[in-house]
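The structure appears below as structure tokens.
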């Protein structure tokens with residue numbers, strides 16, 4: 001069974017670049033990648049915060065948050 | 001031919017965790033991963049800075065720097 005990875009973003013330039021290079025570089029044979037646009041799916045901002053996500057772009061792997069560079073603060077996406 | 005990815009770290013707890021989850025999750029069939037401990041290889045701090053790395057842990061993919069969470073500032077590793 002594949003591990004789940006979630007890439008949270010908000011469509012910002014920093015986010016798009018991180019998705020195209022870092023998120024895309026994940027081993028898809030081991031990880032099932034879900035991409036969540038928090039600007040469009042505002043109902044999931046709360047969920048992301050509970051998982052420790054503070055800014056986007058960010059990757060959640062093994063249940064842990066990894067913030068990648070800085071695009072936007074989650075508080076500004078509510 | 002594989003693309004090159006470089007994971008820069010300094011042995012800090014944040015670095016170790018990022019290496020074990022995020023760097024390890026890269027697709028090794030597409031990326032050749034080099035792991036550089038800047039605390040031990042101080043001669044490479046300058047190289048990392050020139051590539052745009054400002055803090056560790058960080059991944060260089062496609063020649064672009066992706067800072068992952070925050071462990072230490074590169075200026076403190078000189």
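No lab work stands behind these numbers, since they all come straight from the coordinates. Not measured: the values here are computed from a predicted model. Here Cβ is always computed from backbone atoms with ideal geometry, including for glycine, and neighbour counts include all displayed protein chains.
Run lengths n ≥ 4 of DSSP H only: what is the helix-derived mean residue ellipticity at 222 nm for the protein assembly as shown, with -39500 (n - 2.57) per run over all residues, to the nearest 500? Walk me through the numbers before you get to the answer.
Numbers: 4 runs with 30 residues, N = 156.
Result for the protein assembly as shown, helices only: -5000 deg cm²/dmol.
Once a ≥ b ≥ c are taken as the square roots of the eigenvalues of the Cα gyration tensor of the range A:1-40, is the result rounded (a/c under 1.5), prolate (a/b larger than b/c) or oblate (a/b not larger than b/c)? Don't skip to the end; give the middle numbers.
Working: a/c = 4.58, a/b = 1.66, b/c = 2.75.
Cα axes put the range A:1-40 in the oblate bin.
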Position residue A:1, label points 7 Å along Cα→Cβ, spacing to each other copy in nm (shortest first, one decimal): 4.2
Span from the the range A:1-77 Cα centroid across to the the range B:1-71 one, whole angstrom: 19 Å
Separation in nanometres of the label points that stand 7 Å from Cα toward Cβ, at residue A:70 and residue B:75: 1.4 nm
Label 7 Å beyond Cα on the Cβ vector: residue A:44 copy-to-copy distances, nm: 3.5
Approximate spin-label separation residue A:3-residue A:44, in nm, with each point projected 7 Å along Cα-to-Cβ: 2.0 nm
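Tell me the relative contact order for chain B as a rounded percent, counting alpha carbon contacts under 8 Å between residues six or more apart. Provide the component values of the computation, followed by the final result.
Values: 133 pairs, mean separation 29.8, N = 78.
Reported as a whole number, the value is 38 percent.
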